[in-house]
1. Cβ contacts < 6 Å: first residue within 11 Å of residue 116 (Cα to Cα) and open to solvent by less than 40 Å² (accessible area, probe 1.4 Å), restricted to the stretch 78-104; second residue in a helix (DSSP H, G or I) and acidic (Asp, Glu), any location; separation 6+ or different chain. Result?
2. Quick check: anything in the stretch 72-87 of a type outside the set (Phe, Trp, Tyr) and modelled with pLDDT under 85?
3. Out of curiosity, is residue 100 within 16 Å of the chain's Cα centre (by Cα), assigned to a strand (DSSP E or B) and among the hydrophobic types (A, V, I, L, M, F, W, C)?
4. Within the stretch 115-128, can you find the residues that are assigned to a loop (DSSP other than H, G, I, E, B) and either in contact with a helix residue (DSSP H, G or I) (Cβ under 8 Å, 6 or more places away or on another chain) or more than 26 Å from residue 25 (Cα to Cα) (or both)?
5. Read through the list (1) in a loop (DSSP other than H, G, I, E, B); (2) touching a strand residue (DSSP E or B) at 6+ places or on another chain (Cβ under 6 Å); (3) open to solvent by 70 Å² or more (accessible area, probe 1.4 Å), then give the number of the only condition that residue 28 fails.
6. Checking the structure you have, find out if any residue of the stretch 34-45 is over 12 Å from the mean Cα position of the chain (by Cα) and touching a residue at least 40 places away in the same chain (Cβ under 8 Å).
7. Residue check: is residue 8 in contact with a Ser or Thr (Cβ under 7 Å, 6 or more places away or on another chain) and either free of Cβ contacts under 8 Å to residues at least 24 places away in the same chain or open to solvent by less than 40 Å² (accessible area, probe 1.4 Å) (or both)?
8. Give the residues of the stretch 98-129 that are small (Gly, Ala, Ser) and in contact with a strand residue (DSSP E or B) (Cβ under 8 Å, 6 or more places away or on another chain), sorted by residue number.
Amino acid sequence: MKPRISIVTLGVGDLERSLRFYRDGLGFPTTWTADRGVVFFRTEGTCLALYPLKALAGDVSEAFDVPRSGFAGITLAHNVGTREEVDAILLRAEHAGAVIEKPAQDAFWGGYSGYFSDPDGYLWEIAWGAFDFNEDGSLKIP
């Protein structure tokens, strides 16, 4: 298996609401609308997909037909080039309907970051520092 993640799919409670949050609120580009039953966003690197939570759980196993709640032990990270971008993105996310879970602040690892949760509770870290970027937008991991 090659060390690659092609798509991260978020199981969502309301596909239209999540489409509006990511497309209209955060500005993620897509040509897929919710009427197709799934939404794909073109991102630098891994593709982000939205799919109805119950359908996603049922695709894996009927045993997973349970509502999710609480911290799932996973976060999504969006790294940026400046501290100011962290603040701007957190503000944009909040205006789009996100909940700021941790305001931006100096981080123990030497950078600057904060967290928001999307309308379905998925946690996003917006971070600056520690990494540079390749030409394609992916992170340079030492």
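1. Cβ pairs passing all conditions: 104/87.
2. Start the filter on the stretch 72-87 by keeping residues that are of a type outside the set (Phe, Trp, Tyr), which leaves 72-87.
Okay, now just the ones that are also modelled with pLDDT under 85, so 72-73.
Scanning the stretch 72-87, I find at least one residue that is of a type outside the set (Phe, Trp, Tyr) and modelled with pLDDT under 85, so the answer is yes.
3. Numbers: within 16 Å of the chain's Cα centre (by Cα): yes; assigned to a strand (DSSP E or B): yes; among the hydrophobic types (A, V, I, L, M, F, W, C): yes.
When the stated conditions are applied, residue 100 passes them.
4. Filtering the stretch 115-128 for residues assigned to a loop (DSSP other than H, G, I, E, B) gives 118-122.
Within the stretch 115-128, 118, 119, 120 qualify.
5. It fails just one condition, (3).
6. Within the stretch 34-45, one or more residues are over 12 Å from the mean Cα position of the chain (by Cα) and touching a residue at least 40 places away in the same chain (Cβ under 8 Å).
7. On the way: in contact with a Ser or Thr (Cβ under 7 Å, 6 or more places away or on another chain): yes; either free of Cβ contacts under 8 Å to residues at least 24 places away in the same chain or open to solvent by less than 40 Å² (accessible area, probe 1.4 Å) (or both): no.
Against the criterion (in contact with a Ser or Thr (Cβ under 7 Å, 6 or more places away or on another chain) and either free of Cβ contacts under 8 Å to residues at least 24 places away in the same chain or open to solvent by less than 40 Å² (accessible area, probe 1.4 Å) (or both)), residue 8 does not qualify.
8. Here is the first cut: in the stretch 98-129, the residues small (Gly, Ala, Ser) are 98, 104, 107, 110-111, 113-114, 117, 121, 127, 129.
Hits for the stretch 98-129 are 98, 104, 107, 111, 113, 114, 117, 127, 129.
The values are calculated or read from the model by the stated rules, or taken from the named source; none is laboratory data. The model shown is predicted, which means the values in this text are computed figures rather than measured ones. For neighbour counting, all protein chains shown are included, and Cβ atoms are generated from backbone atoms with ideal geometry for every residue, glycine included. In case anyone asks, the SASA skips ligands and DNA or RNA and just uses the protein heavy atoms, side chains included. Shrake-Rupley method; radii C 1.70, N 1.55, O 1.52, S 1.80 Å.
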